[in-house]
Amino acid sequence: MLRVGYKSDKGRNRELNEDACAVVAEERLFIVADGVGGNNAGEIASRTAVETCRDFMSINHLAGVSERDIGDLFDACLARANDSVVEAGRQQPENRGMATTLVLCHVREDKAYFANVGDSRAYLYADGQLLQITEDHSYVNALIRMGVLTEEEARHHKRGHVITKAIGAELTVEGDQYDVEIREGDILLLCTDGLYGELSKEEIIAILQDDQDMQVLTERLVDRANQLGGRDNITAITVKVQGGNQNEQ
C-alpha cells in the first residue's frame, strides 16, 4: 500500500502558481514540475509537461513494462513532454521560450525509479535520515560540484534560481535517472525549490518523522515553507510505503 499526500501553493510573494503536480495512482506514478517564463508562461509550461506525462503513461502503462525498460519509457516520456512544451510555445509566440523543471517517480514493489530535469527534487526519508536522490541541474549546484560553494551558501545565493537544463528550453532534452531500494515505513518526497529553499533538511526531517497521515504531513511541509517566507511557489508530494500491493490516495 502507498499512502500519498500532495499540495501545491502559490506562496506568499507570487501572484500565480507556476508549479504543477499529479498523482497517477493506477500507474503508481508521481509528477512534480516548476515552470519558468514571462507572463503566465511558466504556468502553461508546467501544466503542459505534467498533463503530457500523465497521458503518455496512461497509454503506455508503466506497470506493464519490465524493470529494465522503465528507463526507456521515462526517456520517451521526457521527450514527449519536451515536444509538447516547445510546440505550445510555437503556437503562442508571446510564451516562446517557456520551460519547466520535471521530476517523475514510479514505485514498484521494493524499488522506486526516478527521472528529473531541472532543480525540482526527489528525496528518500529512511531510518531517520533524508537522502537527496536527484541532482539539481542548476548554476549553484555546478558551483557546489566544483567546490566553489557549500550547500548552505548555495541556499542563499543570488543566482540560486538559475537552472541549466529544463523541459522546453531546447529542441531535445536528456534527463537523469535514478533508482533506490525502499522498505516499509520509508517516505518518498518530491518537491519544488519553493519547499527545500525555505526548509533545511533538519526541518523536513522533523516533520516527516511524525507518524501522521501523509496529507497532513504534506500540508505541514507547505505551511511551514510559507511561515518561513513563502518566497516562491511551493509543491510537495509525499509517498509512504506501508506494505501490500494496493495504492491508497
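The values are calculated or read from the model by the stated rules, or taken from the named source; none is laboratory data. It should be emphasised that the depicted structure is a prediction, and the values quoted were computed from it without experimental measurement. Reconstructed Cβ throughout: ideal geometry from the backbone, glycine too, with neighbour counts over all protein chains shown.
Observations on the structure shown:
- Test for Tyr113: is it closer than 23 Å to Asp232 by Cβ, among the aromatic types (Phe, Trp, Tyr), touching a residue at least 24 places away in the same chain (Cβ under 8 Å) and surrounded by 15 or more Cβ atoms within 10 Å (Cβ to Cβ): no
- Residues that are farther than 20 Å from Thr164 by Cα and of a type in the set (Gly, Ala, Ser) within the range 50-104 comprise Ser58, Ala63, Gly64, Ser66, Gly71, Ala76, Ala88, listed in sequence order.
- Being closer than 30 Å to Gly185 by Cβ and not aliphatic (A, V, I, L, M) holds for only one residue in Gly118, Gly35, Gly42, Gly89, and it is Gly118.
- Only residues that are out of contact with any strand residue (DSSP E or B) (no Cβ under 7 Å at 6 or more places or on another chain) and either part of a helix (DSSP H, G or I) or among the hydrophobic types (A, V, I, L, M, F, W, C) (or both) were counted in the range 78-97, giving 13.
- The selection criterion, being out of contact with any strand residue (DSSP E or B) (no Cβ under 6 Å at 6 or more places or on another chain) and either over 25 Å from Asp232 (Cα atoms) or of a type in the set (Val, Ile, Thr) (or both), does not hold for Val32.
- Per the conditions (1) farther than 23 Å from Ile234 by Cα; (2) charged (D, E, K, R); (3) without any contact (Cβ under 8 Å) to a residue 60 or more places away in the chain, the sole criterion not satisfied by Arg159 is (1).
- Any hit, the range 72-83, residues being touching a helix residue (DSSP H, G or I) at 6+ places or on another chain (Cβ under 6 Å), farther than 19 Å from Ile234 by Cα and surrounded by 23 or more Cβ atoms within 10 Å (Cβ to Cβ): yes
- Yes/no for Tyr139 being aromatic (Phe, Trp, Tyr) and at pLDDT 85 or above: no
- Within the range 233-249, the residues that satisfy the criterion of being at pLDDT below 95 and in contact with a helix residue (DSSP H, G or I) (Cβ under 6 Å, 6 or more places away or on another chain) are Asn247, Gln249.
- Comparison of Met57, Met98 shows that the only residue that is among the aliphatic types (A, V, I, L, M), more than 15 Å from the chain's Cα centre (by Cα) and closer than 16 Å to Asp34 by Cα is Met98.
- Among the residues of the range 48-70, just one is surrounded by fewer than 16 Cβ atoms within 10 Å (Cβ to Cβ), farther than 17 Å from Ala25 by Cβ and touching a strand residue (DSSP E or B) at 6+ places or on another chain (Cβ under 8 Å), namely Glu67.
- Hey, Arg68 assigned to a helix (DSSP H, G or I) and over 27 Å from Gly194 (Cα atoms) or not: yes
- Taking the range 145-226 as the region of interest, the helices (runs of 4 or more DSSP H) fully inside it that hold 2 or more residues being surrounded by fewer than 19 Cβ atoms within 10 Å (Cβ to Cβ) and at pLDDT below 95 are 151-155.
- Thr101 meets all of the listed conditions (1) of a type in the set (S, T, N, Q); (2) closer than 23 Å to Leu2 by Cα; (3) in contact with a strand residue (DSSP E or B) (Cβ under 9 Å, 6 or more places away or on another chain) but one, namely (2).
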